[in-house]
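Heads up, the thing below is written out as C-alpha cells.
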Amino acid sequence: MLDVQLAELLDGTPSGVGEALDLVTGFDDALAHGFARLGEERAAALTAMAGAMAATPLGERMGEAAGKLAAGSIADEHLTALAGGRAALFGAVHDALLARLDAALGRARASWEGPASPVPPVVAADNLLSGCRSWLHELAITGWRGVDHDLVSASGQAIEALSAEPGLRRPAVLLDGLAAELRASCPVQAADRLPVRRWADLWTRALLLSQAGGLPGGPEAAGTVSGRLLILGVDVHEHGTAVQIQVHGILEPSGGAPSRLVRTSVAAAKVDTIVGPALWRLLTGFPVLLGALAERRSLDVTDLPLLDSGDLVWHDDRARAGEPVDPFAAARVQLAGVLAPAVPPLDRHPVRIAEPVLVEGYKTATGDGSAVTLDLGGSTLAVDTDRLPACGPLTSAMVAASSACIGLVRWDGGRWTLQPLAVQATVKRKAVEAHNGDWALGPTDPKAAKAEARAGDAVAVLRERAGRLLRK
C-alpha cells in the first residue's frame, strides 16, 4: 500500500543531507551580509564549502575563490565558481532525496542522457549578459542587508536589454522577479526576517544563466509524441504579474510504448488585481486544455514536442478532447508502473521535487488555523494547504474531511509534505470530489459564481482599457 511506502519515506533523511545543507546555510549567511565584509566566521564558512567540494572538478576553482574573497578580492569568476558549487551541493541533496522517494514508491526513473548534440548558445552580444552579471556582482558585494532602492533600480537597464532578446527571456524574467522582491522589501536593512535561502537560490540561478556563451537556446526537445493524456491534476502557480498552470498526467504513447509521467504548462501575464476564478479567463486561448480540466476528460494529442525534462510543449491545436476519465481510477491503475522523467542538471534542487502520488486509507488531523496532517499508520505527513489555489473548489476543510488524495509529494524546509491536487471526501454525509481544475470553465459552486458575477469581469475591463490606450 502507498501509505506504507510513504511512511517509510518519512523515516529519516539520507546520510549527508544535513551536512550539505549546513554548508549552503553558511554561504547564504555570507551572501546576506555581503562579501565585502566577510569577517573570520563567514570566510571560514566559504572555505568549508570549498573544502567539501575539493575532490570534485569544481574543487580547485572554489578553493581559489574562497581564498580571494577572504582576502577582499571579488571577481566575476570567483562568484561564478562559488555559485556553481552551491548549485552542485543542492543537486546532490536533490538526487539523494529523489532516489529515496523513488525507492519508497517503487517508481522507475529515466536516466539523464543530456542533449543528443551540443545545444548552440544564444546568439547575443555579451554586453547584455555582462550587465546582468554586473548587477548580481553588486548584490553579492553589498549583501541583502545593504540593498536599497538605488541598487534595485540599477537592474532596470539590464532587465530591459535582456527582455528585448527572445533567447534571453529566461534570465530576464528571473532577474525581474528577484528585483521585484527586493524592491518590495526595501529598505531591506529594517526587515526583521529575510527569505535568505530563496534570494540566494534566485541569485545563484541568475548568475549561472548569465554566463557568456554558456546559456543554451532553451530546453532540448527529445522528439514529438502522440497518444492519450490522462490528467491527474493541475498545480496553479500565481504571481502578481503572471499565472501558470502546470498539468500533471500520464501519457499513454501511441504504438504501445510504456506509459510515462509528463507535465505540460501554459501561462499568461496578469496584474495583481486579477485573482481567484478570474485567473482562468486569462487562459482562454487554450480551450481544449481548459475543457479537459473542467470536464475531467482525457486528451488525444498528436505530435506534441517532448522535452528531455519530461515536459510536453503544449499546442492546443494538436489536442482534442477524449472520453471522460476518473483521475483517481487512472492513478490507482497506472501510477505504480509509470516511467518518471529524468531531471536536467540545473533543475536539481530539493524544492523542485514534485512527484504525483495517490494516497488512500489515511486518517486526518487538524491543528492551528488550516493545518492538516495525514496519519499513515503511525507516521504523519503534513499537508501543504497554503498551496491550495483560490481559483478552484479545493479547501483545507475539504482536505481535512478527505479519505483519498491525489497530490504532489514535495520536500521543503527540511521535511516532506503533500500538496493536494484533488480529493475524495465526505461532506455533510455526502460523498464529494474536488479538483483544482474544476473551475477552468467558470465556477460550478453557486456561491463562488455569484461572488464572481458581483465582482464583474475584471479581465474584460482591463483588456478594453488596454485596447483603448493602444488605439490612442
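Across region 355-445, Cα pairs under 8 Å and at least six residues apart give a relative contact order of 28 percent.
What shape does region 221-340 have by the C-alpha gyration tensor, where a ≥ b ≥ c are the square roots of the eigenvalues, rounded means a/c under 1.5, and otherwise prolate means a/b greater than b/c and oblate the rest? Because a/c hits 1.5 or more and a/b exceeds b/c, region 221-340 counts as prolate.
A simple charge model with +1 on the Cβ of Lys and Arg, -1 on the Cβ of Asp and Glu and nothing else charged puts the dipole of the chain at about 1200 debye relative to its Cα centre.
Taking the Cα centre of region 221-340 as origin and charging only Cβ (+1 Lys, Arg; -1 Asp, Glu), how large is the dipole, in debye to the nearest 20?
In debye, rounded to 20, region 221-340 gives about 140.
Under the simplified labelling scheme, the GLU40-ALA449 pair shows an inter-label distance of 7.1 nm, with each label point 7 Å from Cα along Cα→Cβ.
Per 0.36 nm of contour for each residue apart, how much would the distance between HIS315 and ALA257 grow if the chain were fully extended, relative to their Cα-Cα spacing?
The span from HIS315 to ALA257 would gain 18.7 nm if fully extended.
Hull surface divided by four, with the convex hull built on the Cα atoms of the chain: how many nm²?
Directional mean of the projected Cα hull area for the chain stands at 24.8 nm².
For a straight C-alpha distance cut-off of 24 angstrom, the lysines reachable from LYS447 (same-chain residues fewer than eight places away being disregarded) are LYS428, LYS430. Need one word for region 5-62: rounded, prolate or oblate. Basis is the Cα gyration tensor (sqrt eigenvalues a ≥ b ≥ c); a/c below 1.5 gives rounded, then a/b vs b/c decides. Cα axes put region 5-62 in the oblate bin. In region 221-340, a dipole from Cβ-located charges (positive for Lys and Arg, negative for Asp and Glu) runs towards its positive end, and of GLN334, THR224, GLY255 it is GLN334 whose Cα lies farthest in that direction.
Judged by the ratio a/c of the largest to the smallest principal axis of the C-alpha gyration tensor, region 11-168 counts as oblate, that ratio being 1.5 or greater while a/b is no larger than b/c.
Remark: C-alpha extents of region 289-439 on the principal axes read 47, 39, 30 Å, sorted largest to smallest.
All of the numbers you see were taken from the coordinates with simple rules; none came from a lab. These numbers were taken from a predicted model, which means no experiment stands behind them. Cβ atoms come from the backbone with ideal geometry, glycine included; neighbour counts cover every protein chain shown.
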